[in-house]
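Reading through the structure tokens given below for one structure.
The values are calculated or read from the model by the stated rules, or taken from the named source; none is laboratory data. Keep in mind it's a predicted model, so treat the numbers as computed, not measured. No Cβ is skipped: glycine too gets one built from the backbone with ideal geometry, and neighbour counts run over all protein chains shown. Heavy atoms of the whole protein, side chains included, go into the accessibility calculation; ligands, DNA and RNA do not. Shrake-Rupley method; radii C 1.70, N 1.55, O 1.52, S 1.80 Å.
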Amino acid sequence: MSMNQMTAAVTAALEKLGYRRIRELQITCPTQNRANVYLNDEYFGVFDFERNTFVAVSYTHLTLPTSELV
């Protein structure tokens, strides 16, 4: 999938969610099927291109400290 196709898929999904004014969209693609999406310089989520939707990610999991002392 080309970057233009990825951008079109993510933009269409964001518009379905009600996002109309997208100033800046960044897509980083660690794998072929999923990508991290940054919207207006802030992390938005993970997009799954096979399912054509965003993947739910636990915010708590993302913000847990990594120290063994916890």
Exercise for the section: Just name the residue that is farthest from Ser2 (Cα to Cα) out of those in the stretch 46-70 that are of a type outside the set (Val, Ile, Thr) and modelled with pLDDT of 90 or more. Expected result: Phe54
Exercise for the section: Only residues that are open to solvent by less than 70 Å² (accessible area, probe 1.4 Å) and either of a type outside the set (Ser, Thr, Tyr) or in a loop (DSSP other than H, G, I, E, B) (or both): list them for the stretch 1-11, please. Expected result: Ser2, Met6, Ala8, Ala9, Val10
Exercise for the section: Take the residues in the stretch 23-55 that are outside any strand (DSSP E or B) and basic (Lys, Arg), then tell me which one is nearest to the chain's Cα centre (by Cα). Expected result: Arg51
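Of all residues in the stretch 12-36, count the ones that are surrounded by 14 or more Cβ atoms within 10 Å (Cβ to Cβ) and farther than 15 Å from Val55 by Cα. Break it down stepwise before answering.
First, pick out the residues of the stretch 12-36 that are surrounded by 14 or more Cβ atoms within 10 Å (Cβ to Cβ): 13-14, 19, 25-27, 29, 34-36.
Still in the running and farther than 15 Å from Val55 by Cα: 19, 25-26.
Selection size over the stretch 12-36: 3.
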Exercise for the section: Taking Tyr43 as the residue in question, decide whether it is touching a Leu at 6+ places or on another chain (Cβ under 8 Å), modelled with pLDDT of 80 or more and open to solvent by 60 Å² or more (accessible area, probe 1.4 Å). Expected result: no
